[in-house]
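The block underneath contains the structure these notes are about, expressed in structure tokens.
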Amino acid sequence: MKQKEVGIEDPELSLEDNQELARRGETLMSEYLKYHLRVALPRFPEEGICAVHDYLMSTETLAHVSRHLGTSDIILSSDFPVEEVTLATTLKAVVGALAESSGENRAREFVRDFVLTQLAGRDVNEFWEVEDPMVTLTDILKRDGRGEPEPRLINECGCNTILASYQVAVYSDKQFIGIGYGESVSTAVEMAAHDALKRLFHTTENMKPIPFTLDVGAMSDVEFRQNLSVNEWTSAKVQNVVHC
């Protein structure tokens, strides 16, 4: 109406959606996140890398980042309030547009600074949990040529109360490899096996934080080179893998 009042009889709006930019941004984000995670966590099985990647690429995570960047104020959409899927798609389109206008390295820096940093203070193990940790630990030790894991009850308290607590340590070839606690012996054994796997994967609670300062210009074909699967994981193979 206002355009007609100023002499524009038949206003035409040549607006295009950003689906193509969103697709490009999604591809770039996915490839870069896997690259960064594989470099930062070379001992973490590929299943864990994919689980962390899926969390970062989820609609909920991307919408959270998008919302706090203020995209909800500039989105032209029929839905109000703006749906999470729209916010996530907009962020992907922003990454795609940034790659197109300023180059892929700038777009990767954006993904690193705003998306990857959602892992700050988080335990990567919470995104991927081994279904049967004792069986997995046994298989890994066998492939490493080590003895089977031996769980031993090393402490207990309140056994006849509802606050019972048990402490179990796991040994292999008489060497300590993990420890766990639980309200039952079986739970403590499972937690000890989880702890032993975390020590092997270097993802314990006191692990060095994931670095957010990797040079995005140093990307090579590593983004296409997967980490070892948990079903083929061995200490020797991991030591021979160099991500640089």
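We did not get these values from a lab; they are worked out from the coordinates using the rules stated. These numbers were taken from a predicted model, which means no experiment stands behind them. Cβ coordinates were reconstructed from backbone atoms using ideal geometry, including for glycine residues, and neighbour counts include every protein chain displayed.
Rounded to the nearest 10 degrees, the angle from helix 104-114 to the longest Cα principal axis of the chain is 60 degrees. Each Lys and Arg Cβ is given +1 and each Asp and Glu Cβ -1; about its Cα centre, the chain then shows a dipole of about 1100 debye. Ranking of 68, 53 by neighbouring Cβ atoms within 10 Å, starting from the fewest: 68, 53. Given R0 = 35 Å, the distance between the Cβ atoms of residue 199 and residue 101 translates into a calculated FRET efficiency of 0.20.
Highest mean packing first, where packing is the average number of other Cβ atoms within 10 Å per residue, the peptides 231-239, 130-138 line up as 130-138, 231-239. Can you compute the label reach from residue 68? Point 7 Å from Cα along the Cβ direction, backbone N cut-off under 16 Å, restricted to the range 92-113. Taking a point 7 Å out along Cα→Cβ of residue 68, the residues of the range 92-113 whose backbone N falls under 16 Å are 110-113. Normalising the average separation of contacting C-alpha pairs (under 8 angstrom, six or more residues apart) by the number of residues puts the relative contact order of the chain at 23 percent.
Within the shell of other residues whose beta carbon sits under 13 angstrom from the beta carbon of residue 231, the net charge comes to -3, with Lys and Arg scored +1 and Asp and Glu -1. Label zone (residue 43, point 7 Å along Cα-to-C-beta; backbone nitrogen cut-off 16 Å) within the range 157-201: 172, 176-179, 193-201. Using a cut-off of 25 Å between Cα atoms, the listed pairs 34/92; 142/174; 174/208 include 174/208 as exceeding that distance.
Between helix 59-68 and the chain there is an angle of about 60 degrees, using the helix long axis and the longest principal axis of the Cα atoms. Considering the zone a paramagnetic label at residue 135 would reach in this model (a point 7 Å from Cα along the Cα-to-Cβ line), which residues of the range 179-208 have amide N under 20 Å from it? What the label zone holds, given the 20 Å backbone N cut-off, is 186-198.
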